[in-house]
Amino acid sequence: MADREAGQIAGLQGGEGIAETQVKPMMNVDEYRLAFGENWQLSQFWYSTPFAHRLADLIDQLEPSPETSIGFVCSPTAFVAFQHLHPRARTRLLEVDQRFAVLAPTYYVPYDLEEPDNFPADLKESFHLVLLDPPFLNEVTNAKLCQTLRQIIKLTGKLILITSTSVEDVIEKLYNAPPLGPMEKTALKVEHGQLANDFACWGSWGEQ
């Protein structure tokens with residue numbers, strides 16, 4: 001019942017392509033937070049609404065053209081905020097939690113970081129920008145995600161990484177060459193709920 005209601009709130013239909021002019025705004029972040037509870041076993045912690053909006057606006061500033069392809073990997077709150085404020089047809093949410101197939105059937109791509117090479121062929125080198133929020137704070141998780149990212153981001157693409165400052169050494173080691181880097185910490189202050197770790201935002205697009 002909750003999934004069906006969430007789909008109705010989202011106002012999206014699956015199975016068909018969506019023209020740029022037909023994209024409707026998604027539910028807002030507050031509605032999303034009510035409809036989809038955090039699954040702590042999947043290390044899900046939703047962003048605050050103000051932060052999610054700032055993040056969505058940053059992505060729109062970095063890639064203002066509706067022709068660009070934007071990927072959200074393990075970052076459903078950012079996806080919802082972006083599609084609410086700046087709805088586009090060429091966005092995709094790569095996420096293991098299949099509840100989001102109800103939220104956005106046209107945009108949702110099942111993704112399991114344990115199978116980093118398992119994604120639709122049409123996503124290869126397709127994204128102009130990817131936002132990534134690794135679910136677990138360790139090198140193994142990031143290495144698997146990087147294996148996917150190297151295949152789906154355009155060589156000239158941009159990467160936004162949101163994670164804990166406790167893994168800065170991992171960032172320097174793995175996200176160190178195009179299209180994944182080099183990464184620089186941005187001034188954007190990350191606002192999560194119920195997190196003890198200090199989080200930050202990194203970007204690969206030069207001056208931040």
**Request:** Determine, yes or no, whether Asp169 is surrounded by fewer than 18 Cβ atoms within 10 Å (Cβ to Cβ) and either at pLDDT 95 or above or among the hydroxyl-bearing types (Ser, Thr, Tyr) (or both).
**Result:** yes
Based on this model, can you work out whether Pro110 counts as within 16 Å of the chain's Cα centre (by Cα), surrounded by fewer than 18 Cβ atoms within 10 Å (Cβ to Cβ) and free of Cβ contacts under 8 Å to residues at least 60 places away in the same chain? yes
Contact list, first residue from the range 63-77 and more than 17 Å from Ile153 (Cα to Cα), second anywhere and in a strand (DSSP E or B), beta-carbon distance below 8 Å, six or more apart or interchain, is Pro76/Leu93; Pro76/Glu95; Thr77/Tyr47
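Does the range 78-118 hold any residues that are of a type in the set (Ser, Thr, Tyr) and modelled with pLDDT of 95 or more, and which are they? Even if it seems obvious, please write down each step before you answer.
Pass one, the range 78-118, residues of a type in the set (Ser, Thr, Tyr): 91, 106-108, 111.
Those that are of a type in the set (Ser, Thr, Tyr) and modelled with pLDDT of 95 or more: Thr91, Tyr107, Tyr108, Tyr111.
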Among Asp97, Asp117, the single one that is within 15 Å of the chain's Cα centre (by Cα) and surrounded by fewer than 19 Cβ atoms within 10 Å (Cβ to Cβ) is Asp97
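Within the range 76-88, identify whether any single residue is part of a strand (DSSP E or B), within 12 Å of the chain's Cα centre (by Cα) and under 23 Å from Lys144 (Cβ atoms), and answer yes or no. Before you say what the answer is, go through the steps one by one.
To start, the set of residues in the range 76-88 that are part of a strand (DSSP E or B) comprises none.
No - not one qualifying residue is present in the range 76-88.
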With criteria (1) in contact with a helix residue (DSSP H, G or I) (Cβ under 7 Å, 6 or more places away or on another chain); (2) outside any loop (DSSP other than H, G, I, E, B), Ala101 comes up short on (1)
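The values are calculated or read from the model by the stated rules, or taken from the named source; none is laboratory data. On a predicted model such as this, the values are computed, not experimentally measured, just so you know. Cβ atoms come from the backbone with ideal geometry, glycine included; neighbour counts cover every protein chain shown.
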